[in-house]
Amino acid sequence: MIDIDELRKLFLFERLSDEQLTKLASTGRVQSYAQDEDILRQGEPADCFAVLLEGEMQMITETVSAGTVAMPRTSQPGVYGGATSAYLGERAPQTYQHTLRATAPSRVFTLPAKKFAYIVAEWFPMAMHLLDGMMSGGRMQREIIDRRQRLSALGTITAGLTHELNNPAAAAVRAVSELRSLIKASRFQLAQLAEDGIAPEKLRALIEAQEACTGNLGKLDKRSPLEISDAEDELGEALEEVGVEDPWELAPALVNAGFTSDYLRKIRTKVGEEHTPKALHWLAEAIEISQMLNEVTEATERITTLIRSAKQYSQMDRAPFQLVNVHDLLDSTVAIFRGKIPPGVTVVTDYDRTLPEIPCYAGELNQVWTNLIHNALDAMDGEGTLTIRTAHDEDEAIIEIGDTGHGVPEAIRDRIFEPFFTTKSVGEGTGLGLDISYRIVAGRHGGEIKVRSVPGQTWFEVRLPLREPTATT
């Protein structure tokens, strides 16, 4: 058993009574370690509290973002490690959060974790409650800020989605409003042709011409504005020659459907000179009706696509853990972001379509893509290229999100995944986006997230296992 005088020299135990030191000495034990021997290893069951008596040791932590992090070596008697939070009971980490390694021949005093927890609770009740409160309060504060961060991100996404939905919705409303008047005018034009005694076969020929013209909508070779204007002038003059009223109002719709002066001569032949003016009015209105219907179709399809993307992004009605195509997640996030992407930013995707489905919490991964894309857009200040690419390496999926912004300075690169650390101005960032992303990737999925950056090119690389992760807490 260790001598209590040796324990009393340690700063950790210097205020304890002889009775307490005796109890401590009888509870613990002294162990010797050779140079480069591990005293305890990260990830093993946390069943021991260790205190250095003499020698030298080093604390080493394996991290996802920064690799192996080694603290400076220390030879100060009394430094400690291991199950330092054992007093929290079931709420304490059940495995060591770091490795303690003897960097020189060393003697170490060790206490079983349960004995250490009992001693702290029994001898220092007020300190234990204070420490417990700080841990619980910090955890609760972290959860509240996490929720607020997610709500903030949701607000940003919602604003973009609302903007994107508003454009096609407004286009559909405008088109439907114009359709009402166009359909009404078309009916009167058709009735007027019937009153004028147009023959059934001529009416059929006119309808066939209308079908041919509307079939051309959106399929003609692209023309410059000057070419379109010249075509409208030429057709307008031809319409005026055959007695059409307001020819310049009809010309744009007819030209848009590929109607030319040659086609006008065919119409005159098919329906007769006496019916040509009114037939052309009806034809122009029928073409405009088709154009409006195409606009309504495009607008509603755009709305449907956005809603589908929003559903995919939120993973509504989906199991929380599932096999998913990561490209679907990335595409839905970009679609939701579309309204927030500045005109000067180009989005480039380079997907490895051979990448198999990955087991994941899809909704949480979308939060990661949201944070990384949001940061990339902020870094580019409205101009640049946002690149999203995927690949796979044996049993890992690789997702990379890059930007051409100002980059992450090397001096702070190792800190960007720390909670509350932000490079943005006061009020613009909470410093939690990358911390949340790190915990989702590493903690929930057993993956890895890291950054490489130079001015003008920054890449965040996310690696996810293609097998079900073992760490999902």
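The values are calculated or read from the model by the stated rules, or taken from the named source; none is laboratory data. Quick caveat: nothing in here was measured; it's all calculated off a predicted structure. All Cβ positions, even for glycine, are placed from backbone atoms using ideal geometry, and neighbour counts span all protein chains on display.
Here are some notes:
- Top-ranked residue in segment 247-294 [being assigned to a loop (DSSP other than H, G, I, E, B) and charged (D, E, K, R); ranked as farthest from Glu237 (Cα to Cα)]: Glu274
- Restricting Ile358, Ile416 to residues that are surrounded by 14 or more Cβ atoms within 10 Å (Cβ to Cβ), in contact with a helix residue (DSSP H, G or I) (Cβ under 7 Å, 6 or more places away or on another chain) and either modelled with pLDDT of 90 or more or among the polar types (S, T, N, Q) (or both) narrows the list to Ile358.
- Residues satisfying the criterion are present in segment 433-451 (criterion: on the phi > 0 side of the Ramachandran plot and at pLDDT 75 or above).
- Matching strands (runs of 3 or more DSSP E) fully within segment 28-136 where at least 2 residues are farther than 27 Å from Arg8 by Cβ, of a type in the set (A, V, I, L, M) and under 43 Å from the mean Cα position of the chain (by Cα): 67-70
- Inclusion of Arg338 among residues that are in a helix (DSSP H, G or I), modelled with pLDDT under 85, charged (D, E, K, R) and more than 24 Å from Leu165 (Cα to Cα) is not warranted.
- Test: residue in segment 17-31 that is farther than 30 Å from Gly447 by Cα, among the acidic types (Asp, Glu) and buried (at least 17 other Cβ atoms within 10 Å of the Cβ): no
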